[in-house]
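Comments concern the structure below.
The values are calculated or read from the model by the stated rules, or taken from the named source; none is laboratory data. All figures in this text were calculated on a predicted structure; none of them were measured in a lab. Cβ atoms come from the backbone with ideal geometry, glycine included; neighbour counts cover every protein chain shown. SASA here: full protein model, heavy atoms, side chains in, ligands and nucleic acids out. Shrake-Rupley method; radii C 1.70, N 1.55, O 1.52, S 1.80 Å.
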Amino acid sequence: MKKAVDIQAAVAIAAGEAIAARGNGTFGIGAVMLDQHGNVLRAMPNGVVRDGLPYDPTGHAERQLIDWYFSERAGGRALPPPQEITIVTSLDPCAMCTGAILSAGFRVVVAAPDTEAGANHDGRCGFGGLPEGLRAQAAAAFSYPAVLGGSAYARVAGGAPPASFFIGKTISEQSQALCALLCEASAARVQALLNSDLARDELKDPATLPAGHPLRRALRRACAGALDVRCAPARPDAGLAPVLRQAMELDRRQGGEGDAVALLDAFGNLLLCVPGRRGESGIRTAFMECTRLYAQLRHRLMHGADARVQREVREYLAHPKHGTFVFARGPGRTADSYMDLGAYGSTMEGPLPAENPAQFQYVLPRLEAGELDALCAALPPLYRKVIGVRPGQVADRDLVAALS
Ligand SMILES: [Zn+2]
């Protein structure tokens, strides 16, 4: 295994992954995971887009590395605890990845800044965008090494001291510029692709598809109860309680606290209802599973299909921004909840449609509404200003009573 004892060498590996990501047509971002001696455990590129189609809104390099780590451990591989492992990223981690990193307890070394979505978006290393209880942990885990030079890419060191195995503790101006430019060069095209879905008035109701239609069959394979429940659009009701309760029970059996997330489409049809898989990886929450499952279902149906079939998928299985995510449990102050809020932002990617302001609903609150609003108002600018992440409780009291 390769040993990267200089921060600069590790950043060069992350930049190599970012180049690969850019070549794959996705965000030009990459990361590498190092053990307690500086050995490379695994490096990964961003994987949000695959084959020219949206593939996984949670497919950021850091998140994938963390799930890889837990799956290796679950498979019996002896790996050091997260506290001894460092993830070196080409770009400041977004809210989802920051939540995932803090939830698991890894350390991070960050190359290029991200003023829109980064943990350190304001550059002050105070992590004021995080729930108060996580700020000290972030300050002790996130390192922003010095970049020597006189250009706009230069910076003084900030955040936590990096792990002691790093000998050289600086990043070259060229590497820093490369990391920043790879993301900049890819962002507009990828965002355009992720926002290329149909408008609300072009969508078709999948409940009208004949029995045995391939889209209907694919949905039912992903979720046995798909299309069995129908609510009024954006008004989840007690008809969802049985499927949510069943998924919550499965979530408990799979290592979670009894959470579940359902996705309704623009017509109020139930598309998916999904538990977490936290026994396999601590960051596989119900929402992470749900948004990934839906995106990958659409990808599978569109990949290699002709234009007519692709259009049909976009009409009947629309982008989730036109529907409603129904969380059995609302966001809390934890790192996992912060990850879910970030992953929700990455799923929406652009502004929520004006006609669908209540896209994010929860049944059982973990926080009172005022505290939750404050938490969302402190998110980095992408989530707060561009997307407008705004969870609200479901209006139907019977649904709340049924899960209480
Ligand atoms: Zn991320």
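The table below lists the values:
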| read-out | value |
| --- | --- |
| Over the chain: Rg over Rh, Cα atoms, Kirkwood Rh | 0.97 |
| Degrees separating the helix 173-194 axis from the principal Cα axis of the chain, which is the longest one | 10 degrees |
| Length-normalised contact order of region 7-194 in % [C-alpha pairs under 8 Å, at least 6 apart] | 23 percent |
| Top of ALA61, ALA188, ALA139 by mean-square fluctuation, Gaussian network on the chain, Cα under 10 Å | ALA188 |
| Helix 132-141 axis, angle to the chain major axis (alpha carbon atoms, nearest 10°) | 40 degrees |
| Furthest towards positive pole of dipole, PHE360, LEU301, ALA395, structure part the chain, Cβ charges | LEU301 |
| Antiparallel bridges, percent of DSSP beta bridges restricted to region 7-194 (to nearest 5) | 60 percent |
| Residue-level accessible surface for SER172, protein heavy atoms, 1.4 Å, Å² | 40 Å² |
| Apportionment of accessible area to carbon and sulfur, the chain, percent (1.4 Å) | 52 percent |
| Relative contact order (%) - criterion: Cα under 8 Å, at least six apart; region: the chain | 17 percent |
| Lysine pairs within the chain, Cα separation less than 20 Å, 8 or more sequence positions apart or different chains | 4 |
| The chain: antiparallel DSSP beta bridges as a percent of all, rounded to 5 | 65 percent |
| Peptides 271-277, 357-363 ordered by average Cβ neighbours within 10 Å, highest first | 271-277, 357-363 |
| Largest to smallest accessible area among ARG235, ARG50 [probe 1.4 Å] | ARG235, ARG50 |
| Gaussian network model of the chain, Cα within-10 Å springs - most flexible of ALA136, ALA163, ALA377 | ALA136 |
| Between 0 and 90°, nearest 10: helix 95-104 axis offset from the chain longest Cα axis | 70 degrees |
| Local electrostatic count, GLY105, Cβ distance below 14 Å [Lys/Arg +1, Asp/Glu -1] | -1 |
| The chain - mean residue ellipticity at 222 nm from DSSP helices (-39,500 (n - 2.57) per run, n ≥ 4, rounded to 500) | -12000 deg cm²/dmol |
| Among beta bridges that DSSP assigns inside region 203-403, antiparallel share in %, nearest 5 | 65 percent |
| Nearest-20 debye value, region 118-277 charge dipole, Cβ charges on Lys, Arg, Asp, Glu | 360 debye |
| 3J(HN,Hα) from dihedral phi, region 145-155, Karplus parametrisation 6.51/-1.76/1.60, rounded to Hz, x for glycine, proline | x, 5, 10, 7, x, x, 8, 5, 8, 5, 7 |
| Linear extension gain, GLN310 paired with LEU198, 0.36 nm per residue minus alpha-carbon span | 39.2 nm |
| Debye, to nearest 20: dipole size of region 203-403, +1 on Lys, Arg Cβ, -1 on Asp, Glu Cβ | 520 debye |
| Solvent-accessible area per residue, Å², over the chain with all protein chains present [probe radius 1.4 Å] | 39 Å² |
| Distance histogram in 10 Å bins (all Cα pairs of region 203-403, percent per bin) | 9, 37, 38, 14, 2 |
| Accessible surface, 1.4 Å probe, highest first, among residues LYS385, LYS204 | LYS385, LYS204 |
| Overall form of region 1-131 per C-alpha gyration tensor (a/c, 1.5; a/b vs b/c) | rounded |
| Stretchable slack from SER71 to ASP228, in nm (0.36 nm times residue separation minus alpha-carbon distance) | 53.2 nm |
